[in-house]
Structures are given as C-alpha cells and as structure tokens.
1. Of these, Arg174, Arg153, Arg157, which one is of a type in the set (Lys, Arg) and at pLDDT below 95?
2. Within region 6-23, identify whether any single residue is open to solvent by 60 Å² or more (accessible area, probe 1.4 Å) and farther than 27 Å from Gly176 by Cβ, and answer yes or no.
3. Looking only at region 225-251, which residues are open to solvent by 50 Å² or more (accessible area, probe 1.4 Å) and under 24 Å from Leu182 (Cα atoms)?
4. Condition check: open to solvent by 10 Å² or more (accessible area, probe 1.4 Å), at pLDDT 95 or above and not basic (Lys, Arg). Does Ala100 satisfy that?
5. Mind listing whichever residues of region 59-76 are open to solvent by 20 Å² or more (accessible area, probe 1.4 Å) and not in a helix (DSSP H, G or I)?
6. For region 121-137, check the following and say yes or no: at least one residue is within 22 Å of Phe231 (Cα to Cα) and small (Gly, Ala, Ser).
7. Within region 147-174, how many residues are among the charged types (D, E, K, R) and open to solvent by less than 50 Å² (accessible area, probe 1.4 Å)?
Amino acid sequence: MSLPLQSLGDLPARKRGGPPLAVLTAYDFGSARLLDEAGVDLLLVGDSLGMVVHGLPDTTGVTMEMMLLHTRAVCRAQPRSPVIADLPYASYDSPAQALASAQSLMQAGANAVKLEGGCRVLPQVQAIVAAGIPVCGHIGMLPQSIAEEGAYRRKGRTQDQAQALLEDAEALDRAGVMAMVLESVVESVAAEITKRVSCCTIGIGSGPDNNGQVLVTHDVIGAFPWFRPPFAQARADCAAEIRRAAAAYIKSVREV
Ligand code: KIV
C-alpha cells in the first residue's frame with residue numbers, strides 16, 4: 001500500500017503518478033483521529049456537517065461560527081492528513097469577505113479552504129490565493145446553490161453545461177487552486193476536465209476518471225441511514241451497531 005499524502009506540496013506528484021487521492025469528511029476530534037490513522041489522504045471539514053451533524057435541511061444554514069468550531073475540533077487531533085475547511089454559504093460574497101473568512105478558518109487550524117463556484121467566484125479565489133492560502137475549488141452540483149437550482153441535479157448533461165464546466169475548471173486552474181472537487185458531473189466531462197487541468201480533481205458522484213474521490217464519512221460508515229446518495233457505498237453499518245449497543249445498555253440498566 002502506498003503512503004498517504006504527507007502535505008499539500010505532494011499533490012502535483014499524485015496527479016502525475018497516482019495513486020488516486022482518498023478523501024473523507026471529518027467534523028470532530030475523534031473521527032479526524034480515526035480517519036487519519038486509517039491513512040486517508042485529505043480530511044475535509046465539509047459544510048455537509050450542517051445536514052449530517054446538525055440536522056439542517058441543506059447546507060445554506062451553516063454559519064462561519066459552526067465551521068470554526070468543527071475545524072478547531074478536527075485540527076486538535078493534529079492529523080497528518082492536511083485539513084481542508086469549507087467556506088460556508090454567504091461567507092465569500094466579495095473578495096474582501098472571502099479573504100477574511102479564509103483567514104479565520106486558517107487560524108482555526110485548516111491547511112486549505114474550499115469554496116463553491118467557478119468563474120462566478122474567480123475574484124474571491126484570486127484574493128485568497130494571492131494571500132498565500134491554498135484553495136480547493138468545487139464545481140458541478142453546488143449544494144449551497146440549492147435555492148436557485150431548486151433540486152440537486154447532475155451537471156454536464158448538455159453541450160452548453162459541459163462547455164461551462166470546462167471553462168470554470170480552466171479558470172480555477174489558472175487562478176492557482178491546488179485541487180478542485182467535481183460533484184455530480186457527467187463521467188466523460190469529469191474525465192475531460194481531469195485531463196485538461198494541472199491541479200488534482202477530486203470527484204464525488206462523477207465517475208472513476210478523477211485524480212481522487214471524496215465521500216461524506218457518514219455515508220461510508222453507515223451512520224446516517226435516513227439518506228445515502230446512490231453513488232456512496234456504505235462499508236459498515238454503524239447505525240445498526242449504535243442501535244444494538246444502546247439497546248443492550250438500556251436492557252442492562254433496566255434489568256438491575
Ligand atoms: O460538504 C461536503 O462534505 C462537501 C463534499 C461532499 C465534497 O463539499
């Protein structure tokens with residue numbers, strides 16, 4: 001088995017020579033430690049925490065305060081894997097706001113920040129990169145845009161959509177992002193983006209031809225049984241284990 005990523009500086013070598021990056025979300029001290037010990041390449045403090053930890057209907061209710069709290073908890077585990085923290089909804093509406101928000105997440109211990117959008121957020125990406133903060137882009141299906149979009153839809157199905165995605169990807173790449181997440185992008189379009197850009201692509205629901213894959217940890221360990229996207233394979237059934245252990249405990253208390 002090859003070594004997990006040691007630092008963000010190793011990303012170009014992984015783009016050139018593989019193996020693909022294995023990325024998972026972490027929202028707290030314990031899970032960060034366990035995933036790091038398992039050898040994950042990158043930890044993502046994703047704003048998906050709004051849904052799987054806080055029970056919000058989507059990610060637009062996630063605040064900077066929440067992201068800072070969870071980023072600090074993850075970084076307290078002192079993981080070897082670099083930590084990427086999401087800039088939450090409405091925390092990067094202008095380049096100045098984006099930079100200030102990114103700086104706060106870096107002060108909380110993150111090694112890089114991620115934000116959603118392509119050409120639309122280019123000035124924000126440029127401002128953060130110019131300040132020396134590593135940025136991970138995120139294009140394709142954008143959960144923070146659910147209100148405008150109306151539904152979570154696969155991206156790149158039409159010629160125009162595919163062209164727009166390629167333009168977004170190339171613009172982010174030129175702006176100097178260290179990697180970009182491709183979420184729910186048609187496989188052939190994700191493969192074309194991966195070929196064209198110099199940074200690593202990290203796919204989620206975008207087929208195998210990316211430089212890595214990311215999933216929400218709750219989906220991989222079966223800890224959020226009420227919803228799991230079809231592309232995320234559960235490798236454990238933690239929900240069943242929690243229910244079983246809790247029932248055993250309840251029984252033992254009542255039987256005294
Ligand atoms: O918030 C998140 O967990 C993410 C991943 C799904 C890519 O952005």
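The values are calculated or read from the model by the stated rules, or taken from the named source; none is laboratory data. Given the structure is predicted, the values throughout are model-derived calculations rather than measurements. A quick note on method: Cβ atoms are made from the backbone with ideal geometry, for glycine too, and the neighbour counts reach across all protein chains shown. Just so you know, the surface numbers come from the protein's heavy atoms only, side chains and all, with ligands and any DNA or RNA stripped out. Shrake-Rupley method; radii C 1.70, N 1.55, O 1.52, S 1.80 Å.
1. On the way: Arg174 fails: at pLDDT below 95; Arg157 fails: at pLDDT below 95.
Every option except Arg153 fails the conditions.
2. No, because not a single residue in region 6-23 is open to solvent by 60 Å² or more (accessible area, probe 1.4 Å) and farther than 27 Å from Gly176 by Cβ.
3. Phe227, Arg228, Pro230, Phe231, Gln233, Arg235
4. Spelling it out, Ala100 is indeed open to solvent by 10 Å² or more (accessible area, probe 1.4 Å), at pLDDT 95 or above and not basic (Lys, Arg).
5. Those that are open to solvent by 20 Å² or more (accessible area, probe 1.4 Å) and not in a helix (DSSP H, G or I): Thr63, Arg76.
6. Yes; the residues of region 121-137 include at least one that is within 22 Å of Phe231 (Cα to Cα) and small (Gly, Ala, Ser).
7. From region 147-174, those among the charged types (D, E, K, R) are 148-149, 153-155, 157, 160, 167-168, 170, 173-174; that's our starting set.
Now narrow it down to the ones that are open to solvent by less than 50 Å² (accessible area, probe 1.4 Å): 155, 168, 173.
Here the count works out to 3.
Listed here are the residues, each with its yes/no results for (1) under 14 Å from the mean Cα position of the chain (by Cα); (2) within 11 Å of the ligand (Cβ to nearest atom).
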residue: Leu44; (1), (2): yes, yes
residue: Val62; (1), (2): no, yes
residue: Leu68; (1), (2): no, no
residue: Cys75; (1), (2): no, no
residue: Pro79; (1), (2): no, no
residue: Ala90; (1), (2): no, no
